[in-house]
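Structure record follows, encoded as structure tokens.
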Amino acid sequence: MHLRKTPPENPTNTTLDALKTWVDQVAELTRPEDIHWCTGSDKEYRTLVSQMLADGTLKTLNETTYPNCYLHLSDPDDVARVEHLTFVCTADQQDAGPNNNWMPPADGHAKMNALFDGAMRGRTMYVIPYCMGPVDSPYSRCGIEITDSPYVVINMKIMTRMGEAALARIEREGKFVRGLHSTGELDPERRFIMHFPDELSIKSYGSGYGGNALLGKKCHALRIASYQARTEGWLAEHMLILGVESPEGETTYIACAFPSACGKTNLAMMVPPASQPGWKVWTLGDDIAWLHLDEDGQLRAINPESGYFGVVPGTNEKTNKNAYDMIQHDAIFTNVGQTADGEPWWEQKKTGTPVIDWQGRDYDPATAKAPAAHPNSRFTVSAKNNPSYSTLADAPEGVPISAIVFGGRRKEIAPLVYEAKDWKHGVLVGAGVASETTAAMVGNVGVVRRDPMAMKPFCGYNFADYWSHWLSFDERTDKLPKIFHVNWFRQDADGKFLWPGFGENLRVLRWIIDRCEGRIDARRTPIGYLPNAEDIDTSELDISDETMHALTTINRETWLEEIASIGEYLESYGDRLPADLKQEQQKVAEDLAKAS
Ligand code: SAT
Ligand code: MN
């Protein structure tokens, strides 16, 4: 096992001066023992895995039933994103907005440089060139992540187009996002995720967890990219992308924004139920979409990632057969439990019994007070493992988007589905998204908070400016997708879900597609177009007319409160709030007040 070692005095492996200089400076600051430039080869992956198996960072799982699968148990204090320790550093605080923690860039650098000082002593520093999106796509953007974590390297290899091809593009373009990461001491008191959007740079210290450490994902592809997208006229969004193919062979592409751990991965790779013969779902992406208008004014999407970092608990043959199948081989598991025969185990797996929990402790389901797998335990797996993988995920031109769907986790209020009246109103629908919080972030679970466009933790600039940017698309083309809102999570008074969810959500997507194609009518209400209950196929579903009525109607009183609360939330953005958005909110409020 030999990694290519380059002495710190001459660590460069590139012809690009800006990159050489930066790598030199980082080595000077962090003092690594070795520097390794990642090539992205399979051999490199295997070498790193053996190294981590030897030092205990990874554990082998059952090699017969889970070939090439590994388990990583993180520090128990490092299991989710840390929004309170995540900052956007812009010269003017107003540019970061009330939706971000802020620090002046000079202070941010000083704080981070003090943490990075000597942080890689005795360790190897890995230089990871990566490309977000197909390497030959004009819509893709590249970055370099420097890290002292081999776990980050192997995850980046799965999640991005990583290695030599990305480096070649970076050298051609000369421009790249600079991400610097160290796991540090994993002390929550010495943990920060800082973004410097004007410099296209990121500094992350003290966490090895997914969104905090795999800098291509939320840090680059959402926070930095959203900032960059605003100046360049495109959108970087927290959206899955899927293609729905009808029995006639026609495929419609849809992008959906839901908060973390609200079922984006499940929807992106759903298996149509037997009651929907001939329908197919193709997965383009499960978390992030970059959206550009093409020369004809058509909105097109690429998925900047090449793998999935998905929530494991709840995954089984029924809820998500594709995900269940794709994580049987060549997958990395983080913070799941284990069975006696070395298989990974998680809640609702439906097979096997856990004997070890996510902290490596003995576990007895009969007496246990806590789940065996952490509720935010994750799998990392190549998108190509997915049986419903769409080869268009590699198409440089992306796919044309017909519908944008927002959603959240709402016990009450939000109907199963509704359609915005037009683009402007759709921006209000997105801005008003609220959801109950999940285990994907550190903090209370189940508290309703506003999460506009599911971007609350990820928008790299002031939400008011972000909404203006969204609104500006209306002037640039007359071919914008229709906008919808869905809620799979409505409950009755006893806490029982009203809608079966999972594969059955295809029925709702079919309504959306019918609306896009102008094939069916809907009821115009103050909040948008609601379905006629009979237009949603409920054949072979055990669902009553009353339930369908509850799912497709709104309560005027609660919506009056909801729209007032959205209005108050928007007001908190002050003068920068676009007037058009305020007007849309007032219009809905007035129409609700008039309706009886
Ligand atoms: O932030 S992660 O990408 O690790 C997970 C999530 O919140 O979606
Ligand atoms: Mn996400």
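Some observations on this one:
- Taking the charge dipole of the chain about its Cα centre, with +1 at Lys and Arg Cβ atoms and -1 at Asp and Glu Cβ atoms, the residue from 252, 119, 100 reaching farthest to the positive side is 119.
- Global form of the range 209-291, assessed from the alpha-carbon gyration tensor, a/c cut-off 1.5: oblate
- Residues in the range 308-385 average 41 Å² of solvent-accessible surface per residue, probe 1.4 Å, ligands and nucleic acids excluded.
- Per-residue packing, averaged as other Cβ atoms within 10 Å, sorts the ranges 38-50, 314-326 into the order 314-326, 38-50, beginning with the highest.
- Label zone at residue 113, where the point sits 7 Å out along the Cα-to-Cβ direction: the range 14-42 residues whose backbone N lies under 11 Å: 29
- Across the range 36-47, coupling constants 3J(HN,Hα) worked out from phi with the 6.51/-1.76/1.60 Karplus curve, θ = phi - 60°, read 10, 8, 6, 9, x, 6, 5, 5, 4, 4, 5, 4 Hz, and Gly and Pro carry x.
- The range 272-314: C-alpha gyration tensor shape, a/c 1.5 cut-off, then a/b vs b/c: oblate
- Close amide H pairs (under 5 Å, H built 1.01 Å from N) link residue 285 with 241, residues at least 5 positions away or on another chain.
- Protection-proxy order for peptides 133-141, 409-417, each taking the mean of Cβ atoms within 10 Å per residue, highest first: 409-417, 133-141
- Volume per residue for the chain equals 150 cubic angstrom (convex hull of Cα atoms).
- Label point at residue 93 placed 7 Å out along Cα→Cβ; residues across the range 560-579 whose backbone nitrogen lies under 19 Å: 571-577
- Remark: spin-label model distance residue 366-residue 532 equals 5.9 nm, labels positioned 7 Å along the Cα→Cβ axis.
- Protein accessible area in the chain, 1.4 Å probe - carbon and sulfur %: 47
- Remark: the residue 171-residue 575 segment gains 141.2 nm on full extension, using 0.36 nm per residue and subtracting the alpha carbon distance.
- Formal net charge of residues neighbouring residue 214 (Cβ-Cβ distance under 12 Å; K, R +1; D, E -1): +2
- Between residue 186 and residue 545, the FRET efficiency estimated from the beta carbon spacing at R0 = 45 angstrom works out to 0.25.
The values are calculated or read from the model by the stated rules, or taken from the named source; none is laboratory data. Bear in mind the structure is a predicted one, so any value in this text is a computation, not a measurement. So basically every Cβ, Gly included, is an ideal-geometry build from the backbone, and we count neighbours across all protein chains shown. For accessibility, only protein heavy atoms count, side chains too; no ligands or nucleic acids. Shrake-Rupley method; radii C 1.70, N 1.55, O 1.52, S 1.80 Å.
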